[in-house]
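What follows is one structure encoded as structure tokens, with my remarks underneath.
The values are calculated or read from the model by the stated rules, or taken from the named source; none is laboratory data. Everything quoted here is computed from the prediction, not taken from an experiment. For neighbour counting, all protein chains shown are included, and Cβ atoms are generated from backbone atoms with ideal geometry for every residue, glycine included. In case anyone asks, the SASA skips ligands and DNA or RNA and just uses the protein heavy atoms, side chains included. Shrake-Rupley method; radii C 1.70, N 1.55, O 1.52, S 1.80 Å.
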Amino acid sequence: MSLPPRGTSGLKVLDQLGWAARILELSTGLLPAQSWPGFKRRLTWLPFFLSLAWASLTTGPFRPAYGDTSQASSGFLRRIHHPWGRFEPGAWSIVKETTETYSDQGKLVVETEVKTTLLSIDVEGVTLRIEPKILAGGKPMPAAVRTVRQGFHGEPLDQMVRVLEDKEATVDFLGRPLACRVQRLEIQGVSTRSEAIVYYGSVPPYIYRREVRTIKLEDNSEVNSQVWEVVARSCRLLALIQDTYQVKITHKSQQGVRITLATISPEVPGAVITQTTMEFNPAGQLARKTSSELLEYGYELKSPRGLLRLWRPRPFRR
């Protein structure tokens, strides 16, 4: 019997063992065994329940694919650290975005529904299909469908990532010290270079803090900076999602400051459940506000041998 994947927490292992024990318990109590025919009938069901027990130990029922296989090279983040890399191809989500733009002429409101589907995943990163649908005056308008390739750091795959340092560290996580790893990166673009510091680990939410500075190659000036940090942990959401976290993202540039407050969960493809972004101009006035809400999502659960194939849709649409 194979061990649970590296990075699986003790609670998750106990949970999976509990499912296996429950399945075996059902197999022994499914049919009465007071006679030899009854005992034979029970034996015919036993291989099926043993298969389910094996699937629950190897994948864990009703869990996303938290596998940490497929890693570009030593020192790079694994698929477990990407909001889509934790799932198998076919996972999808639909998010509704409402953008309010403020100007001297008044307020302009645009609504968009975006469906994102995980097409594939490999050692380099993930491939996503993004299908936006713009709602103007309540009527849908067609928009271009895009296919995006991302590395496990979230970077476009046409950019080169260089790991400068990767070592053990301790981060202040929700008011207590948490042992993790810290990684210093350099991401080379066409006209810019980004320097990033990432605090990460094998315990949800996997990324604990990220600091990024983007520098223009032409004159070595700073284009923007961003700090991504977990600020709180939420309670269970609607008795469906167990791990939810509050995230604050502060983005500074010459155009002003953009502050994002989000609720995320590693159990959801794409991670985002709700998100509000406020953009302020250099004078400190609110220029734009974007609110995002998860409507629906789903993903397929299957064991390595195809013993357990289930769809787990999550209808959030009101």
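Here are the numbers for the structure shown:
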quantity: Residues (open to solvent by less than 30 Å² (accessible area, probe 1.4 Å) and under 18 Å from L294 (Cβ atoms)) located in the range 81-94; calculated: H82, W84, R86, F87, G90, A91, S93, I94
quantity: Residues (in contact with an Asp or Glu (Cβ under 9 Å, 6 or more places away or on another chain) and closer than 20 Å to G154 by Cβ) located in the range 275-289; calculated: Q275
quantity: Near pairs, Cβ below 7 angstrom, 6+ apart or cross-chain, from the range 158-185 (more than 17 Å from E124 (Cβ to Cβ) and in contact (Cβ under 8 Å) with a residue 40 or more places away in the chain) to any residue that is among the small types (G, A, S) and outside any loop (DSSP other than H, G, I, E, B); calculated: L174/A232
quantity: Selection status of T250, surrounded by fewer than 19 Cβ atoms within 10 Å (Cβ to Cβ) and either free of Cβ contacts under 8 Å to residues at least 12 places away in the same chain or among the hydroxyl-bearing types (S, T, Y) (or both); calculated: yes
quantity: The range 282-301, subset touching a Lys or Arg at 6+ places or on another chain (Cβ under 9 Å) and of a type in the set (S, T, N, Q), residue least open to solvent (accessible area, probe 1.4 Å); calculated: S292
quantity: Entirely in the range 96-141, the strands (runs of 3 or more DSSP E) that have 1 or more residues that are within 28 Å of the chain's Cα centre (by Cα) and within 16 Å of E279 (Cβ to Cβ); calculated: 106-121
quantity: G85 vs. criteria at pLDDT 90 or above, under 17 Å from V268 (Cα atoms) and in contact with a Leu (Cβ under 7 Å, 6 or more places away or on another chain); calculated: no
quantity: Members of the range 258-274 found to be within 30 Å of E300 (Cβ to Cβ) and open to solvent by 50 Å² or more (accessible area, probe 1.4 Å), listed by number; calculated: T274
quantity: Residue list for the range 107-139, restricted to those being touching a residue at least 24 places away in the same chain (Cβ under 8 Å), more than 25 Å from F87 (Cα to Cα) and not aliphatic (A, V, I, L, M); calculated: E111
quantity: Selection within the range 162-190 - exposed (fewer than 13 other Cβ atoms within 10 Å of the Cβ), modelled with pLDDT under 90 and over 19 Å from P205 (Cβ atoms); calculated: R162, V190
quantity: Checking M278 against (1) open to solvent by 50 Å² or more (accessible area, probe 1.4 Å); (2) in a strand (DSSP E or B); (3) at pLDDT below 85, the condition it does not meet; calculated: (3)
